[in-house]
Structures are given as C-alpha cells and as structure tokens.
Amino acid sequence: MSPRSDNAIVIIGSGPGIATITAAVFAANKFNKVALVARNPSQLDKDAESVKSAANNIYNTITVKTYSTDVIDPAQFTTTLKQISQDLGTVESRHLEVTNDELIRDFKISTVALNNVTKWAMPQLVALAEKDASAKPTLIVTSSHLPEAPETDLVSLSVAKAAQKNFVRSLRMEFEPKGVHVALSSVAGYVFDHN
C-alpha cells in the first residue's frame, strides 16, 4: 500500500451525514490530517471518532482535531483558523482577495436595500392590482451577468448579485399570484459613462 501523504482537509460545519462522510473519504485517501469545525463540542467528538474509524480501516496514522467555534463570530472564527494552521500546518489554497466589509457592503446595497424598497413598494403595488384589473404593477430589478458568470476580481459583487437574484425569485413567487409582475433585467456587460 502506498504511503500516506502529508495532506490536510478542513471541514467547516462538521456534523453527521455529508460532513463526516466527506472527511472520512478524504482521510481514507491519503489525507492524514483532518480538522473538524462546528459549534457543538460533544457532536465534534462523535464526528472525530467516526472519521478515525473509517480511516483506520486503511491507515493507522491519522490526526483528527476538533475546533468548537461559531463561524459567524469573525474574531473567534479567525482565531480558530489560525489555530488549525498551527496544529496541522498550512492548508494550501488560493484565497480570493475580498474583505468581510466588502462582502457586507455589496450585500447591503444589492439585497438589503432591495428588501427595504419592497417593504415600501409591494403593499402599494398589490393594492393597485386589487383595485384596477387593467393595471400592470411591476417591479424591475437591474442586475448583471455575475450570478451566472462570477468574476474573481469582482467576487464580492458576484456574491451579492447572486443573493439579489434569489431574492427577486422569491419576490416573484410571492407577489406574481397577487397581480404584481416582478422582473430581473440583466445587463450582461459593463456600463460606461460617456459624459
């Protein structure tokens, strides 16, 4: 049997099912370092035993470490990730250069602001549809090609536009039966100001 290589896998959101099965598959295929991250420490212990059991059928040398943390707490999660690097070595990956602040800002512009607009507009549009059968109340949201074709240099905007598109789809499911047309107008390219 070929020797185990020095590879690490990090499972964020460990738990029974997909997460532990994925970890076990990698552990059984030459990944000798496994990090399991989740909030519940007792579940993490069970997950670790499950991964060790699956991997030890093939190899006897595997390190499984657990990290109880809340991923929505940026400071706590960053500390955990640093600890994983200290414990298991550097995890090889190419990181997209985007900050949390950029992600939040673009999400607020594309989706949170749209949520606030719809809270104001939809009651009025629904009332118009109920009052006048000939009216065609419509909400049009301008988007781009980014939900289908994200760009790595626009990763924050790509993520925000994908969230916006799904929000618009939800609005359509809710309000079109009430007589309000909801449309997403996608501009597949760049808009330049020629002034």
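Provide the FRET efficiency to the nearest 0.05 for the Asp73-Asn166 pair, computing r from the beta carbons and using R0 = 30 Å. Using R0 = 30 Å, I get an efficiency of 0.75. Extension gain, Val112 to Ala149, is 11.1 nm, computed as 0.36 nm per intervening residue step minus the present C-alpha separation. For the listed residue pairs Lys82/Lys161; Lys131/Lys165; Lys82/Lys108; Lys119/Lys178; Lys108/Lys178; Lys136/Lys161, the alpha carbons are over 22 angstrom apart in Lys82/Lys161; Lys131/Lys165; Lys82/Lys108; Lys108/Lys178; Lys136/Lys161. In this structure, the amide hydrogen of Val141, modeled 1.01 Å from its nitrogen in the peptide plane, lies closer than 5 angstrom to those of Ala183, Leu184, Ser185, counting only residues at least 5 positions away or on a different chain. Compared with the dominant Cα axis of the chain, that is its longest principal axis, helix 155-175 is turned about 60°. Stretching Asp101 away from Lys30 to a fully extended chain increases their span by 21.8 nm, per 0.36 nm per residue minus the current alpha-carbon distance.
Look at (1) 57, 39, 30; (2) 73, 42, 33; (3) 61, 35, 31: the one that is Cα extents along the principal axes in Å derived from this structure is (2). Rounded to the nearest 20, the Cβ-based charge dipole of the chain about its Cα centre (Lys and Arg +1, Asp and Glu -1) stands at 380 debye.
Normalise the Debye intensity by I(0) for the range 99-138, one equal point scatterer per Cα, no solvent, then take log10 at q = 0.22, 0.26 Å⁻¹ and round to two decimals. Scattering profile of the range 99-138, log10 relative to I(0): -0.68, -0.79.
Legend: calculated FRET efficiency, Ile18 to Ser134, from the Cβ-Cβ distance at R0 = 45 Å, rounded to 0.05, equals 0.30. Taking a straight Cα-Cα cut-off under 18 Å and skipping sequence neighbours fewer than 8 places away in the same chain, the lysines within cross-link reach of Lys46 are Lys33, Lys65. Against the chain, whose longest principal axis is taken from its Cα atoms, helix 18-27 shows a tilt of about 40°.
Counting only alpha carbon atoms, the long axis of helix 41-55 and the longest principal axis of the chain meet at about 60°. Ordering Ile84, Leu103, Leu44 by Cα displacement along the dipole of the chain toward the positive end leaves Leu44 in first place; charges were set at the Cβ atoms of Lys, Arg (+1) and Asp, Glu (-1).
Quick note: the coordinates plus some simple rules give every number you see, no bench work behind them. These figures come from a predicted structure and were not determined experimentally. Cβ coordinates were reconstructed from backbone atoms using ideal geometry, including for glycine residues, and neighbour counts include every protein chain displayed.
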